Every structure is written in structure tokens, then in C-alpha cells.
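Trainee: Okay, here's the structure, questions in a sec.
The values are calculated or read from the model by the stated rules, or taken from the named source; none is laboratory data. As the structure is a prediction and not an experimental result, all values here were calculated from the model. For neighbour counting, all protein chains shown are included, and Cβ atoms are generated from backbone atoms with ideal geometry for every residue, glycine included. Quick note on the areas: whole protein, heavy atoms, side chains included, nothing else; ligands and nucleic acids left out. Shrake-Rupley method; radii C 1.70, N 1.55, O 1.52, S 1.80 Å.
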There are 2 protein chains.
Amino acid sequence: MAKRARIRDIAEHLGISTATVSRAISGKGYVREELGEKIRAAAIELNYGLPEDFAGKRVLLVVSHEAMIDFERSQFTMYVLEGLRRRASERGLVIDNHAIRSADELDGLAELARASDLLGILFLTVDDSILKPARSLECPVVLVNTDDPEMRLSSVTPCNRSAAAMAARHLTDLGHERIAFLTKPGRRTIQRRLEGVRDALGSRQDTMIVIEAEDWTVQAAQAAVAEALADDRQFTGIVAAGDILAAGALIALHAAGLRVPEDVSVIGIDGLPQGAYLAPALTTVSIPMQAIGAYSLDMLCNTAQLQGTSRNFPVSRIELACSLTKRNSTGLRASRVVEPV
Amino acid sequence: MAKRARIRDIAEHLGISTATVSRAISGKGYVREELGEKIRAAAIELNYGLPEDFAGKRVLLVVSHEAMIDFERSQFTMYVLEGLRRRASERGLVIDNHAIRSADELDGLAELARASDLLGILFLTVDDSILKPARSLECPVVLVNTDDPEMRLSSVTPCNRSAAAMAARHLTDLGHERIAFLTKPGRRTIQRRLEGVRDALGSRQDTMIVIEAEDWTVQAAQAAVAEALADDRQFTGIVAAGDILAAGALIALHAAGLRVPEDVSVIGIDGLPQGAYLAPALTTVSIPMQAIGAYSLDMLCNTAQLQGTSRNFPVSRIELACSLTKRNSTGLRASRVVEPV
DNA sequence: CTGAAAGCGCTAACAC
DNA sequence: GTGTTAGCGCTTTCAG
């Protein structure tokens with residue numbers, strides 16, 4: 001493990017004095033703007049100024065077996081992992097992977113949790129059955145992309161509810177009044193997205209229809225939307241609970257001879273990069289996936305740092321904001337006039 | 001403003017060397033256990049080792065006029081303030097109070113926000129009308145005890161939803177099946193508590209009844225519960241959306257000749273200290289009020305620290321866990337047999 | 001285990 | 001603006 005970067009390393013790297021670097025980074029005192037930029041860039045590149053060092057400590061990353069083998073469903077997970085890994089390498093932490101098939105397999109964890117070089121355990125996108133065993137672990141624990149409804153474990157998640165609200169509001173701002181929520185019910189995460197759509201629709205939510213796919217796949221979503229169209233259900237905009245479902249919706253609409261966005265607008269949630277290559281390019285609400293990974297490590301470190309201290313780090317839940325990625329699948333409600341039923 | 005405590009101050013204070021203090025605090029190297037304790041105690045007492053210092057900077061605390069003048073409604077707010085003030089003094093920050101009556105009065109704030117000695121602005125328990133002007137402020141902003149549904153402003157709140165779920169689950173664990181949620185609809189906070197009760201009740205939520213008080217006062221709650229009893233609405237447990245409402249429920253039940261907890265159990269949410277002096281002492285879900293105040297200052301500092309830096313602090317929402325304070329107003333469902341309607 | 005002293009990383013003061 | 005240098009606060013080393 002390379003030593004942590006010092007202010008002097010940056011100075012030598014750029015052939016300038018440490019004082020200048022100090023000024024540039026702290027923002028106090030005069031530094032030429034251009035030089036300051038260069039210094040800050042180098043500081044980031046060299047991983048300067050990271051918090052407490054836990055270098056060499058291990059972090060156990062528990063993922064459900066299911067989340068790893070099913071690539072289509074797990075792309076989201078992969079991006080979270082990417083952010084997690086990057087932050088881990090910045091902090092000099094070692095990530096130990098540990099895939100589990102079911103809650104039973106957690107038994108061995110209690111022992112591992114006591115290892116002295118273990119910083120803590122991260123549970124990534126696991127389901128509720130592991131909450132109970134996880135709560136009784138003796139080391140710091142953080143849930144990533146799930147939360148504990150009883151708030152006995154800390155967690156880092158996107159703000160699913162406001163992400164979905166943002167998606168729905170985008171459509172209503174474009175004049176859409178009859179909105180379909182395309183989903184595959186299941187995890188709490190998805191339930192929160194439904195709540196978000198309801199929040200945004202407010203009093204108009206009785207005009208909302210819910211289209212349920214059989215599975216979290218493009219094919220299932222396509223089938224569900226095709227069926228909704230065949231049943232002549234009325235909507236001019238679709239909020240899909242995930243980009244993958246949105247992709248299915250695009251296909252079904254195209255097959256039915258409907259144009260996107262002229263006839264129907266479609267917006268996804270997740271912000272997977274391939275959305276940009278769909279036809280039309282998918283408007284979506286992007287979740288800061290790498291940031292979620294990075295933050296969960298930070299939270300684990302904070303918890304570990306205060307553990308044993310008089311003031312413990314309280315159990316807390318942190319939700320990160322999402323942002324609208326406007327592409328071409330949404331537009332003003334216009335052509336496809338919908339009659340009230 | 002006294003200078004921040006240094007390791008040397010602690011050493012002199014105890015008449016020992018700085019090296020020993022260093023070892024005791026970092027936990028590396030040998031220090032006599034007893035001496036180590038003494039050193040750590042002194043460190044806390046002298047406020048040693050607080051994060052970055054913003055000593056002397058001002059924090060603008062905006063509270064709604066309403067929240068300050070109505071003592072009964074604002075006790076909660078006062079405790080949050082207490083935690084806020086304590087942390088501010090630890091960090092050497094100056095809190096400037098600024099009461100507003102309505103969103104219009106925010107106009108002047110834009111100017112104040114640019115003052116160079118201003119660290120940022122905290123909005124405490126304000127209502128949604130101020131969100132819009134607050135979002136366009138140029139300085140770091142954190143909402144305390146409210147959140148931004150659009151997630152454009154960071155916030156620190158209790159986890160109202162899981163707090164309410166915890167309250168309801170406490171009753172169901174005691175065998176209660178017909179539960180009344182006593183509330184005064186209004187702020188989003190309270191809506192979340194309703195959702196929490198629903199979460200906990202799950203499939204049984206159709207047996208839940210909602211009792212709405214006219215106002216967030218003991219009297220209004222008392223009247224509402226009295227009316228529910230007169231209407232012969234069936235319940236053996238009451239989850240009150242706030243301790244103040246719970247106090248009203250206790251009075252109404254007593255007046256109707258019902259015993260608590262033998263006939264009806266009552267649980268509050270908030271954890272106001274006077275709950276202990278009600279008859280019977282109120283079981284409640286305690287919200288870490290001081291911690292909320294302290295954390296919001298921390299979040300403001302984090303945001304301020306990274307502002308202007310290449311990596312901005314992302315907009316995030318932090319929710320703190322609540323805990324059950326078991327007193328005497330809840331018990332096993334027993335005496336008061338309720339027939340299905 | 002503890003203290004003295006050397007060393008490290010950063011900032012502040014000052015010169016140009 | 002930038003480098004030199006002094007100085008501060010903390011940790012590490014080493015002797016006892």
C-alpha cells in the first residue's frame with residue numbers, strides 16, 4: 001500500500017513550493033487561478049487529504065448470490081460496486097466479497113465479525129430476511145441500497161421516493177394527465193417509487209394506472225405494456241420503475257405503432273448508461289450509483305471510528321438526491337388524444 | 001472566543017506530557033488504563049479534537065414565527081435548538097436567530113446569504129412555502145426537522161415513519177389488534193407517521209381507525225378521543241402522532257371511565273420529558289431531538305467545507321433512528337374485549 | 001509505562 | 001503571486 005499523499009508530494013509533482021499548494025487547497029491567500037486549478041486536479045489525482053486512515057483493514061461485502069448471477073437485474077449493483085471499490089482503494093481498504101444464497105448462510109459471519117482487522121460489514125441489495133441476523137452482528141454494519149424499516153441498522157440509499165416523484169412531475173409538467181406506472185412489485189425500494197409517483201400526482205392520482213410486469217426484465221415489461229395497450233387502457237405517459245422496464249415499454253409502444261414521444265412519453269428511473277442508446281434515447285431519473293457505493297464506505301468508516309468511543313455514531317439513514325437526465329423519450333402531450341373513459 | 005483546546009492544554013491541565021496524551025487519545029502505544037480514562041475524560045471536557053474549525057463564523061437560524069410563539073406546539077423545537085446551540089458553542093459558531101412570519105420575508109435573506117462570515121443557513125421546522133426561495137439561496141442550506149420532497153435541499157430529520165411503525169408494532173406485540181391512530185393531519189412529518197403505522201399493521205391495516213383532532217393540542221385530542229368513544233369506535237390501543245395528543249387521549253379515556261393500560265393502551269411519539277409525569281407515565285417513541293440539532297450543524301459544516309471544492313457535498317437527507325421509551329401506558333390487551341363490528 | 005526530544009505535515013509571516 | 005522560513009500541533013522514537 002503506497003503511503004498516503006502529502007502536500008509535499010503534490011508540490012514535488014508539480015515542481016512548486018508546499019506553501020503554494022497549501023494556499024491553493026485551503027483557498028486562503030493568493031494563488032494564480034490557473035495554477036490553483038492544476039494543483040487541485042493533482043490533489044485529486046494523487047488522492048490527497050482523505051479522512052482517517054484505516055489502511056489495510058478489511059471490509060466484508062455481502063451480496064446476495066442472486067444479485068450477482070443475473071446480469072440484467074444486477075447492472076445497477078455493479079455500478080454501486082464500482083464506486084465502492086474506487087473509494088476503498090482511495091482509502092487503502094481491502095474488500096472481501098462474500099456471496100450468500102440465503103439468510104442461513106449468515107451463520108459464519110458472526111465469527112468473521114470479530115476479526116480484529118475487520119472494519120465492518122456492508123450488505124449490498126440484500127433482502128429483508130437477512131436483517132434479523134445482521135442486526136445481531138457485533139461489528140459496524142451498513143446496508144447499501146436497502147434500508148432497515150426498524151431503523152436498527154444504518155443505510156445508504158438513493159431517495160427512491162423523490163426520484164419517482166421527479167419522474168412523474170416531469171410528465172405532468174409536459175401536460176400529461178393520464179400516467180401509467182410500469183412496475184414489478186416486490187422490494188421496498190420499488191414500493192417507495194410508487195409512493196413517489198403518488199406524491200407527485202397528488203389529487204390526480206386516481207387517474208393513474210399501474211401496469212405490473214411479471215418480472216424485472218425487458219421482455220416482461222414489453223408484454224405487460226402490450227397487454228395494457230390491447231386492453232385499451234388510457235395513458236399518454238409512462239413512468240417506469242426502472243430503465244429496464246422502460247426499455248420494454250419502448251419496444252411495446254413501437255410494435256403497437258405508437259410514436260415516442262409524440263404519442264406517448266416514457267421516462268425511466270436508474271440512469272443506466274445504455275438508456276442513451278435506446279430509440280429514442282431514454283429520458284430518465286439518474287441515481288448516483290457510484291456515490292452510493294462511496295458513501296456507504298464512508299458511513300462504515302464513521303461508524304467504526306466512533307465505535308467504542310463514548311459517543312457512538314447513531315443509527316442513521318442517508319438518502320442521496322437523484323437528477324433528471326433529459327433525453328428524447330419525453331415530450332409535450334399532443335397527438336394522442338385520450339378520451340375520458 | 002476561547003482558542004480551541006490543544007493536546008498540550010490537556011497535558012498541562014493534568015500535569016503530564018503531551019506524548020502520553022497523544023497515545024491515550026489515539027489508542028496506540030501503552031498508557032496506564034486509569035490514566036487513559038482520565039485523559040479521555042479531560043479531552044471531552046475541554047472539547048478537544050472537534051472537526052475543522054469555523055470558529056467565529058455565523059450560522060443563520062431561520063424559524064417560523066409560529067414555531068416560536070406557541071409554546072405548547074414548539075417544545076419539540078426547543079429541544080432541537082438546545083442540541084443545536086450546544087454543538088454551536090463546541091464548534092465556536094455564532095447562531096443568529098431570524099424569525100419569519102411568511103415566505104415573503106425571505107427576500108432579505110438572499111443578501112445576508114452572501115456575507116463572507118456566514119457559514120450557512122439552517123431552516124428549522126418551516127413549512128413548504130419557504131422551500132422555493134430557500135432553494136435559490138447561494139450559501140449552504142440545511143433543513144432541520146423538515147425535508148425537501150424534491151430533494152434539492154439537504155435535511156436532517158427523525159425517521160418519522162419508522163418511529164410510528166415502532167409504536168404500532170409495540171402495540172401489536174402486546175396483542176392489540178384494533179388500533180387507532182390519533183392525529184392532526186397537516187405537515188409531511190405527520191403524514192410519514194401515518195405511513196409508518198400502516199407499514200407496521202401490514203395486511204391488518206383495514207382494522208385501523210384514524211381519529212383526527214382539530215388541532216395539535218391536548219384539548220383537541222381529548223375532544224376527538226371522547227367523540228370516538230361516544231361513537232363507540234372499536235380499539236384497544238392508541239398510537240398518538242405526538243405526545244401532546246397522547247396526553248389528551250389519556251384524559252379522555254380516564255373521563256370515560258376506562259383504565260390505561262388495562263382497558264386501552266396508549267403510546268405517543270416524540271419523547272417529551274413531561275410524558276414521564278402523566279398518569280399513567282406515557283410509553284412513547286423518543287426522537288433524538290438534541291442529536292437532530294447537533295447533526296444539522298454538522299451537515300452544514302460538511303457542506304460548507306466542500307463548497308467551492310471540486311467535489312461538492314451532494315444533496316442528501318439524513319434520518320436518525322428513534323427508540324422506544326417503555327413506561328406504564330401500554331400493556332397486554334386483556335380486559336376490554338372488543339367485538340368485531 | 002512515561003517523558004524528552006526529534007520528526008512530520010501543514011500554515012502563516014514575510015521578502016521579493 | 002510565489003518561495004523561504006519559522007513555528008505549531010501532533011506522533012514517533014528512544015532511553016529509562
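Trainee: Filter segment A:11-36 down to residues that are within 14 Å of chain B (Cβ to nearest Cβ) and not charged (D, E, K, R) and give me whichever is farthest from DNA strand C (Cβ to nearest atom).
Mentor: A:36
Trainee: Could you look through segment B:308-341, keep only residues that are modelled with pLDDT under 70 and within 10 Å of another protein chain (Cβ to nearest Cβ), and pick out the one that is least open to solvent (accessible area, probe 1.4 Å)?
Mentor: Per the stated criteria, the residue is B:309.
Trainee: Got a sec? Which strands (runs of 3 or more DSSP E) wholly within segment A:129-194 have at least 3 residues that are out of contact with any Lys or Arg (no Cβ under 7 Å at 6 or more places or on another chain) and away from chain B (no Cβ under 12 Å)?
Mentor: Ranges flagged: A:141-144, A:179-183.
Trainee: Across segment A:5-32, what is the number of residues that are within 35 Å of the chain's Cα centre (by Cα) and within 12 Å of DNA strand D (Cβ to nearest atom)?
Mentor: 6
Trainee: Does segment B:222-238 include one or more residues that are under 26 Å from the mean Cα position of the chain (by Cα), of a type outside the set (Gly, Ala, Ser) and open to solvent by 40 Å² or more (accessible area, probe 1.4 Å)?
Mentor: Looking for residues that are under 26 Å from the mean Cα position of the chain (by Cα), of a type outside the set (Gly, Ala, Ser) and open to solvent by 40 Å² or more (accessible area, probe 1.4 Å), one finds at least one in segment B:222-238, hence yes.
Trainee: Where residues in segment B:247-279 are over 22 Å from residue B:233 (Cβ atoms) and touching a Lys or Arg at 6+ places or on another chain (Cβ under 9 Å), which of them is least open to solvent (accessible area, probe 1.4 Å)?
Mentor: Taking segment B:247-279 first, the residues over 22 Å from residue B:233 (Cβ atoms) are B:270-279.
Those still in the list that are touching a Lys or Arg at 6+ places or on another chain (Cβ under 9 Å) too: B:275-276, B:278.
Values: B:275: 3, B:276: 41, B:278: 57 Å².
Looking at the filtered set, the residue picked out is B:275.
Trainee: Out of (1) closer than 21 Å to residue B:326 by Cβ; (2) in a helix (DSSP H, G or I), what's the single condition that is false for residue B:221?
Mentor: If we test residue B:221 against (1) closer than 21 Å to residue B:326 by Cβ; (2) in a helix (DSSP H, G or I), just (1) comes out false.
Trainee: Can you confirm whether residue A:40 is closer than 29 Å to residue B:116 by Cα and either more than 11 Å from DNA strand D (Cβ to nearest atom) or loosely packed, with under 13 Cβ neighbours inside 10 Å (or both)?
Mentor: Criteria met by residue A:40.
Trainee: Regarding residue B:182, is this residue at pLDDT 95 or above, surrounded by fewer than 21 Cβ atoms within 10 Å (Cβ to Cβ) and under 30 Å from residue B:247 (Cα atoms)?
Mentor: Details: at pLDDT 95 or above: yes; surrounded by fewer than 21 Cβ atoms within 10 Å (Cβ to Cβ): no; under 30 Å from residue B:247 (Cα atoms): yes.
For residue B:182, the condition - at pLDDT 95 or above, surrounded by fewer than 21 Cβ atoms within 10 Å (Cβ to Cβ) and under 30 Å from residue B:247 (Cα atoms) - is not met.
Trainee: Scan A:278, A:297, A:272 and give me the residue that is farther than 29 Å from residue A:154 by Cβ and touching a helix residue (DSSP H, G or I) at 6+ places or on another chain (Cβ under 9 Å).
Mentor: A:278
Trainee: Can you report the number of residues in segment B:75-113 which are open to solvent by 10 Å² or more (accessible area, probe 1.4 Å), in contact (Cβ under 8 Å) with a residue 24 or more places away in the chain, of a type in the set (Ser, Thr, Tyr) and under 27 Å from residue B:291 (Cβ atoms)?
Mentor: Of the residues in that region, 1 qualify.
Conditions tested, residue by residue: (1) within 30 Å of residue A:95 (Cα to Cα); (2) part of a helix (DSSP H, G or I); (3) among the small types (Gly, Ala, Ser); (4) in contact with a helix residue (DSSP H, G or I) (Cβ under 9 Å, 6 or more places away or on another chain).
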position: A:16; (1), (2), (3), (4): no, no, no, yes
position: A:21; (1), (2), (3), (4): no, yes, no, yes
position: A:24; (1), (2), (3), (4): no, yes, yes, yes
position: A:35; (1), (2), (3), (4): no, yes, no, yes
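Trainee: In segment A:195-218, which residues are crowded, with 21+ Cβ neighbours inside 10 Å and assigned to a helix (DSSP H, G or I)?
Mentor: Once the filter is applied, which keeps residues that are crowded, with 21+ Cβ neighbours inside 10 Å and assigned to a helix (DSSP H, G or I), segment A:195-218 yields A:196, A:197, A:200, A:201.
Trainee: Next up: If I filter segment A:114-170 down to residues being touching a helix residue (DSSP H, G or I) at 6+ places or on another chain (Cβ under 6 Å) and of a type in the set (Lys, Arg), which single residue comes out as surrounded by the most Cβ atoms within 10 Å (Cβ to Cβ)?
Mentor: Across segment A:114-170, the extreme among qualifying residues is A:161.
Trainee: What are the residues in segment A:280-306 that are over 22 Å from residue B:298 (Cα atoms) and buried (at least 21 other Cβ atoms within 10 Å of the Cβ), if any?
Mentor: Selection gives A:282, A:283, A:284, A:285, A:287, A:288, A:289.
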